[in-house]
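The values are calculated or read from the model by the stated rules, or taken from the named source; none is laboratory data. Small disclaimer: the values here were computed from a predicted structure and weren't measured. Here Cβ is always computed from backbone atoms with ideal geometry, including for glycine, and neighbour counts include all displayed protein chains.
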Amino acid sequence: MSSISDSVPRLDRGGGNPPPDHQDLPPGEEHGEDPEFFLEMSLAEHLEELRIRIIYSVVTILVALVAAFFVVDWVFKRIATQANVENGEVITLSPTEGFVTWFKVLLYIAIAFSMPMLVFQVIRYIAPGLTRREKRAVYLALPVVSMLFIAGMAFAFFVAIPRALDFLSGFKSGLFDWDPRASELVTFYLRLMLGIGIAFELPALMFILGKIGLFNHQQLGRARKFAFIGVLIAAAIITPTPDPVNMMIIAVPIYFLYELGIIFVRFS
């Protein structure tokens, strides 16, 4: 004999609404697999999950610091060589500037090594609030986003920044003695590498916006001339030098990425 409680539908955690009944779903799909179903966590559960993700992230960075220790000197010497400083040694103007700048580069390298794991921890933290369809989209986009950002930073470090420093170090050499400070040089690298790395995310951004229906590939194709002007403006902002050669070194790859984004949107 069934009790009264058996006839009352039970609420599962998911957006404050009960999950759909099995008979309302396509055959073979249970409510736990509903693409619009997501878990709703309490505040205590959110804080506990955040604590776990922070611990994993800190441990990952600490391990990466050990690996970064073996390459930090090479990176620093590479920066000094690309900056065209004499004897490959940059100057420091305070007692602690050398150590602080060296440790800053060490930490940046460790964070770069840890980035895939850090992004994964962020996704794991927000995953309970995403539907199955949203989770699939995020996990599919993650490798492309990571590769584009790494490609942008590598392009900045090995191509764009050395060309910019060649121009800056030789500008009015009869009037100025080129000898940049270590801290300012590292900041210069970080700003450009982050800026170009973010700019290289253009195809991924276009894919996401196209996926949600803001535009299609025909509209993007008709907007090419406006996109080209926008790319030139962005390149002028990112490029630290006023010469058109260095600006085009950045503008051409970004516009190519715009065309690649059109292809992504077309097949999204």
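Here are a few things to note about the model shown:
- Check on residue 149, surrounded by 19 or more Cβ atoms within 10 Å (Cβ to Cβ), out of contact with any strand residue (DSSP E or B) (no Cβ under 6 Å at 6 or more places or on another chain) and not basic (Lys, Arg): yes
- The one condition from (1) in contact with a Leu (Cβ under 9 Å, 6 or more places away or on another chain); (2) closer than 28 Å to residue 134 by Cα that residue 54 does not meet is (1).
- Selection count where residues are of a type in the set (D, E, K, R) and either touching a strand residue (DSSP E or B) at 6+ places or on another chain (Cβ under 6 Å) or farther than 14 Å from residue 157 by Cβ (or both), scope the stretch 187-203: 1
- Hits in the stretch 253-268 - residues which are closer than 15 Å to residue 238 by Cβ and either touching a residue at least 60 places away in the same chain (Cβ under 8 Å) or of a type outside the set (Phe, Trp, Tyr) (or both): 253, 254, 257
- Looking across the stretch 160-182 at every residue that is farther than 15 Å from residue 243 by Cβ and modelled with pLDDT of 85 or more, the one that is surrounded by the most Cβ atoms within 10 Å (Cβ to Cβ) is identified as 182.
- Among residues of the stretch 111-141 being among the polar types (S, T, N, Q) and modelled with pLDDT of 80 or more, the one that is surrounded by the most Cβ atoms within 10 Å (Cβ to Cβ) is 114.
- Taken over the stretch 231-254, the criterion of being over 19 Å from the mean Cα position of the chain (by Cα) and not hydrophobic (A, V, I, L, M, F, W, C) is satisfied by 239, 240, 241, 242, 243, 244, 246.
- Members of the stretch 217-261 that are closer than 19 Å to residue 155 by Cα and small (Gly, Ala, Ser): 234, 235, 236, 251, 261
- When the helices (runs of 4 or more DSSP H) confined to the stretch 183-268 are screened for residues that are closer than 25 Å to residue 90 by Cβ, those reaching at least 1 such residues are found at 224-238, 244-266.
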